[in-house]
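The block underneath contains the structure these notes are about, expressed in structure tokens.
The values are calculated or read from the model by the stated rules, or taken from the named source; none is laboratory data. From a predicted model like this one, the values you see are computed outputs, not experimental measurements. Ideal geometry is used to build each Cβ from the backbone, glycine not excepted, and the neighbour counts take in all protein chains shown.
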Amino acid sequence: MKKKAKTLILSALAVATGAQALLAATVGVSWARFQEERWVTDEKALEERLEELGHRLLTADARGSSTRQAADIEGLLARGVDVLLVVGHDTQAVIPAVQRALDDGVPVIAYERQIKHPDVTYVGFDPVLVGRAQARALLEVQPDGNYVLIKGGQQDQYAHGTYQGQMDEIGPLVEDGTIDIIAEQWTTDWKPEVAQANMENIITAQGDRIDAVLCSNDGMASGVVAAMEQAGLVGLPLSGQDGDVAAVNRIARGSQTMTAWKDVRVLGRRAADLADAIAKGKDLASLPGATTFTDEELGIEQLAFPLDPTTITANNLELMIEAGWVTREQVCRGVPPGTAEICES
């Protein structure tokens with residue numbers, strides 16, 4: 001559909017009255033790789049909120065393929081979506097497909113992973129803040145020594161933002177010699193099995209010289225823990241992000257130090273509200289929480305709605321239980337007596 005025609009449809013939605021007008025809005029989501037636990041939660045929250053608002057959701061899963069994602073976006077456009085949300089597999093490679101959507105008059109929201117384009121709105125947990133939270137939590141328990149960095153997918157802007165936040169905190173300590181980064185690895189598609197293989201190679205090379213592992217998400221942390229346990233390296237400081245159920249249990253067990261919890265139920269609802277605002281013709285820049293992300297190197301400014309993560313350690317696991325994110329049983333499953341205070345009550 002050409003830009004003019006699509007604009008007329010959105011304008012009609014904005015001025016029409018009654019529930020029937022809103023039912024016509026269709027929101028499409030192109031997932032990068034839906035297999036991870038967190039995306040199921042995202043989609044559930046997004047779909048529930050859209051239904052509350054009278055809209056419907058169409059989805060496609062690129063399964064970790066940039067080529068497939070481009071085809072998915074074409075398919076969603078052909079199915080007549082009015083708003084497109086994209087979780088970019090490769091946030092640079094997806095830009096031509098995103099541009100085709102914009103040229104067709106379909107507004108695009110970059111969901112969680114920033115797509116650096118001035119006409120794309122970004123909504124997600126700020127990756128820089130995630131990285132800073134991870135580094136700060138590890139520095140509290142391991143303020144010096146030999147650090148290993150297990151980074152996310154190199155093609156993903158979110159991985160780079162997380163790494164930037166980590167280095168904001170530990171960079172000065174690296175420069176003055178307090179911390180030595182003895183190994184660092186990007187992890188293809190954030191896959192736990194790749195993280196495990198990378199960590200096994202690092203352990204082979206470094207042995208017991210490792211003092212802490214700054215790992216960029218919980219899924220990869222599961223692979224890191226498997227590698228460390230096989231090598232007899234138990235209880236090393238280890239970070240993550242997302243708040244996966246298994247990670248929360250590892251925190252209670254003592255095999256993971258922290259997770260930068262991102263309550264993606266909030267994110268899903270926020271994205272749905274933005275899609276609703278677009279369908280109603282509202283000015284997104286005037287909405288609460290709106291800010292501008294600036295990339296001086298690219299010379300672009302981008303409307304953004306960043307959310308803050310919550311640092312979770314063994315000291316505040318109760319927050320996640322109270323929020324209904326996990327149950328006490330999930331947190332404490334298999335936790336030996338005397339390991340975690342939350343599991344003694």
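Remarks
- Flag if residue 292 is modelled with pLDDT of 95 or more, surrounded by fewer than 18 Cβ atoms within 10 Å (Cβ to Cβ) and assigned to a strand (DSSP E or B): yes
- Residue pairs meeting the criteria (Cβ under 6 Å; at least 6 apart or on separate chains; first free of Cβ contacts under 8 Å to residues at least 60 places away in the same chain and part of a strand (DSSP E or B), in the range 138-154; second surrounded by fewer than 24 Cβ atoms within 10 Å (Cβ to Cβ) and of a type in the set (A, V, I, L, M)): none
- Test: residue in the range 230-249 that is of a type in the set (D, E, K, R) and over 19 Å from the mean Cα position of the chain (by Cα): no
- Residue match in the range 237-254 (condition: in a helix (DSSP H, G or I), touching a Ser or Thr at 6+ places or on another chain (Cβ under 6 Å), free of Cβ contacts under 8 Å to residues at least 60 places away in the same chain and among the charged types (D, E, K, R)): no
- Among the residues listed as 183, 195, 110, the single one being in a helix (DSSP H, G or I) and not acidic (Asp, Glu): 195
- Residue in the range 49-58 that is under 18 Å from the mean Cα position of the chain (by Cα), within 20 Å of residue 38 (Cα to Cα) and either not assigned by TED's automatic domain parsing to the domain that holds residue 36 or not hydroxyl-bearing (Ser, Thr, Tyr) (or both) present: no
- Options 79, 113, 63; residue that is of a type in the set (D, E, K, R), more than 28 Å from residue 261 (Cα to Cα) and touching a strand residue (DSSP E or B) at 6+ places or on another chain (Cβ under 9 Å): 79
- Of all residues in the range 77-92 being of a type outside the set (S, T, N, Q) and surrounded by 24 or more Cβ atoms within 10 Å (Cβ to Cβ), the one that is nearest to the chain's Cα centre (by Cα): 87
- On the stretch given as the range 291-312, residues that are over 14 Å from residue 126 (Cβ atoms) and under 19 Å from the mean Cα position of the chain (by Cα) total 2.
- Some residue of the range 156-174 being more than 15 Å from the chain's Cα centre (by Cα) and outside any helix (DSSP H, G or I): no
- Residues being surrounded by fewer than 20 Cβ atoms within 10 Å (Cβ to Cβ), in contact with a Lys or Arg (Cβ under 6 Å, 6 or more places away or on another chain) and in a helix (DSSP H, G or I) are represented in the range 261-272 by at least one member.
- Residue, farthest from residue 115 (Cα to Cα), within the range 240-260, restricted to residues that are buried (at least 24 other Cβ atoms within 10 Å of the Cβ) and among the β-branched types (Val, Ile, Thr): 251
- Residue in the range 35-44 that is part of a loop (DSSP other than H, G, I, E, B) and more than 18 Å from residue 279 (Cα to Cα) present: yes
- Exactly one residue out of 272, 279, 314 is out of contact with any Gly (no Cβ under 6 Å at 6 or more places or on another chain), touching a residue at least 60 places away in the same chain (Cβ under 8 Å) and outside the structural domain of residue 38 (by TED's automatic domain parsing): that is 314.
- For the range 296-306, filtered to residues that are surrounded by fewer than 18 Cβ atoms within 10 Å (Cβ to Cβ) and in contact (Cβ under 8 Å) with a residue 12 or more places away in the chain, the residue that is nearest to residue 110 (Cα to Cα) is 306.
- Residues in the range 201-230 that are within 22 Å of residue 139 (Cβ to Cβ), part of a helix (DSSP H, G or I) and out of contact with any helix residue (DSSP H, G or I) (no Cβ under 9 Å at 6 or more places or on another chain): 3 in all.
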